[in-house]
Amino acid sequence: MTQTQWQLDGGLGLDHLAQKPCHPIDPGPDEVRVRMTALSLNFRDTLIVHGMYGGKQPLPLTPLSDGAGVVEAVGENVRDLKVGDRVSGVFHQGWQAGPPDRERLSHALGAGETPGLASYWRVFPALGLVKTPDYLSDLEAATLPCAALTAWAALVEDCPAKPGECVLIEGTGGVSIFALQIAHAMGLRTLITSSSDEKLERARALGADETINYKTNPQWSKNVRDLTDGRGVDHVIEVGGAGTLEQALRSIRIGGRIASIGVLSGIKTDLTLPLLFMQHAHIQGISVGSRDMQINMNRFFSHHQIRPVLDERTFSYPELPQSYQHMISRKHFGKIAISID
Ligand SMILES: NC(=O)c1ccc[n+]([C@@H]2O[C@H](COP(=O)([O-])OP(=O)(O)OC[C@H]3O[C@@H](n4cnc5c(N)ncnc54)[C@H](OP(=O)(O)O)[C@@H]3O)[C@@H](O)[C@H]2O)c1
């Protein structure tokens, strides 16, 4: 059987995603060849395939930032990994540690000049990988590099929440469910919003303390205030963007924090600016995280035995375009994963 990689070629849109033959390449001295076994999808991937992610992407482009697999060959200088190790990719291939800078943020997988992981084989710099925690399957591990690390950065590394605090999480997509799991393990009080009462029930089963349907309560900051004795929350996981930022600002306590992450409801907003200073708001932009942060997160996940919540529908490798359609339909809960075997 010929092995393949997926490529976006000849134009934008799911119709231009096609499988092309691929072959194993020998790794260079500091590199590792991984036999990919699992992938996962992020909202970003749907933007990229439709040409809505930053500047124009050079085509052909191998999509997807997130995946896991098994080391198949290592270069002569590689010491920390060996054949047979289970590994996951690092979202920012050039950001190992320390604060972000332009160079560190310019090699994100699956966009621009950095091919993604939707491929049977992928050669990585050894520092572009982390070991997969033993207790996780490859499918579970494949969901961590972007969404989980973003939630981790938004609650722990870049915008730390403190013990006893209350955090509001928007929606039940990939980042948000990881944020719920991490916040719950940290002992924080959690409020979560969704357009679906059924999804809110599932969020409660994962530990959410309070739930709000944002469709039936478009001014949901009022519900947040009611649920916090008028005070507001300490911290918001802001994935909605244009349609939610004002409600998020109205939801925080004076001096509260907003981890600005996503643009699910649009990228441009008419913000009532006095809200920013009247609320003494702290807004922290998040851009996933570094390899060091991913290692810290994996340690935390292992300690708390946190298992990623996989959507009830998992896809096979040839069904990649269908997995995108499932994400676009917003019927999913948690992470959409794709098995390569
Ligand atoms: N800055 C970063 O580093 C970073 C990293 C990862 C992701 N992101 C961004 O974060 C966002 C979430 O990514 P994801 O991969 O988690 O997406 P996702 O899994 O596709 O999330 C989809 C869910 O978001 C919820 N949602 C949609 N519109 C909403 C709204 N107006 N208010 C509240 N919730 C809403 C819905 O939840 P319900 O079905 O429950 O209503 C929907 O099912 C995206 O914009 C993505 O680009 C940014």
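The values are calculated or read from the model by the stated rules, or taken from the named source; none is laboratory data. None of these values were measured; they are calculated from a predicted model. Note that each Cβ is placed from the backbone with ideal geometry, even for glycine, and that neighbours are counted across all protein chains shown.
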Which is β-branched (Val, Ile, Thr), in contact (Cβ under 8 Å) with a residue 40 or more places away in the chain and within 12 Å of the ligand (Cβ to nearest atom), of VAL233, VAL239, VAL224? VAL239
For the stretch 64-157, which fully contained strands (runs of 3 or more DSSP E) count at least 3 residues that are more than 16 Å from the ligand (Cβ to nearest atom) and modelled with pLDDT of 95 or more? 66-74, 121-125, 129-131
Whether any residue in the stretch 68-85 is closer than 11 Å to GLY110 by Cα, touching a Ser or Thr at 6+ places or on another chain (Cβ under 8 Å) and touching a residue at least 24 places away in the same chain (Cβ under 8 Å) is what I want to check. no
Counting only residues in the stretch 24-54 that are in a loop (DSSP other than H, G, I, E, B) and free of Cβ contacts under 8 Å to residues at least 40 places away in the same chain, the one farthest from the ligand (Cβ to nearest atom) is identified as GLY51
Complete set of residues in the stretch 242-275 that are surrounded by 14 or more Cβ atoms within 10 Å (Cβ to Cβ) and away from the ligand (no atom under 13 Å from the Cβ): LEU249, ARG250, ILE252, ARG253, GLY256, ARG257, LEU275
Which of the following residues is in the same structural domain as ARG35 (by TED's automatic domain parsing) and either surrounded by fewer than 20 Cβ atoms within 10 Å (Cβ to Cβ) or aromatic (Phe, Trp, Tyr) (or both): VAL70, VAL74? VAL70
With the checklist (1) over 28 Å from ARG44 (Cβ atoms); (2) within 13 Å of the ligand (Cβ to nearest atom); (3) of a type outside the set (Phe, Trp, Tyr) in hand, flag the one item LEU168 doesn't pass. (1)
Answer yes or no as to whether ALA259 is small (Gly, Ala, Ser) and in contact with an Asp or Glu (Cβ under 7 Å, 6 or more places away or on another chain). yes
State all residues of the stretch 281-305 that are within 16 Å of the ligand (Cβ to nearest atom) and part of a loop (DSSP other than H, G, I, E, B); if no residue qualifies, say none. ILE286, SER287, VAL288, GLY289, SER290
Considering only helices (runs of 4 or more DSSP H) wholly within the stretch 172-263, the ones with at least 3 residues that are more than 18 Å from the chain's Cα centre (by Cα) and in the same structural domain as ALA141 (by TED's automatic domain parsing) are none
Mind listing whichever residues of the stretch 327-341 are within 12 Å of SER40 (Cβ to Cβ) and within 11 Å of the ligand (Cβ to nearest atom)? MET327, HIS332, GLY334, LYS335, ILE336
